[in-house]
Each structure stands twice: as structure tokens, then as C-alpha cells.
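Shown next, in C-alpha cells, is the structure this report addresses.
The values are calculated or read from the model by the stated rules, or taken from the named source; none is laboratory data. Source: prediction; values computed, not measured. Virtual Cβ from ideal backbone geometry, glycine too; neighbours counted across all protein chains shown.
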Amino acid sequence: MRSASENQSPAFDPFGEPVADGVARACPATTAGDRTARRVGGAVFWTLALAILAGRVYAYDLPAVQSVAAHAAQALALR
């Protein structure tokens, strides 16, 4: 007769290496809360990254942007 540990499929770490039964029982599989926290953390990270990028683009002193703004100001002044 087989024991309970023999009926279970072997556990593997994130790198694909098999781990001992004691380690597998001590570290349970990821739960829904872990996935939710990972998604929220990713959303916060990318929101901050895009906000910083947008701020840098907005604050960047590019001569082409200044010339386009000057032409737009002249066109509005002529009306």
C-alpha cells in the first residue's frame, strides 16, 4: 500500500528542480491574494513609470517643440 506522499505528484521549484516533500508542505502554492497583490503592484509600478515618463516628456526643452509653439502663436496672432 502506498503512503500519502507517494500519491502526490512531485513538487518543483520555480527553476524546475524537484524539492523534498517537507519543503513543499512548508511552502504552500501561491494563493489568490498573492496574485492580486502582484497585479496591484504591477499596476502601481507601470502607472508610476508612465507618469514619470510623461513628466519628463512634458518638461523636456526641445527646440522643435518651441518652434512649433512659436508658429502656432504667430498663426493665432494673425487672426
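Kindly establish whether residue 22 is modelled with pLDDT of 75 or more and out of contact with any Ser or Thr (no Cβ under 7 Å at 6 or more places or on another chain). In short, no.
Number of residues in segment 25-79 that are over 30 Å from residue 9 (Cα atoms), surrounded by 10 or more Cβ atoms within 10 Å (Cβ to Cβ) and modelled with pLDDT under 80: the value is 2.
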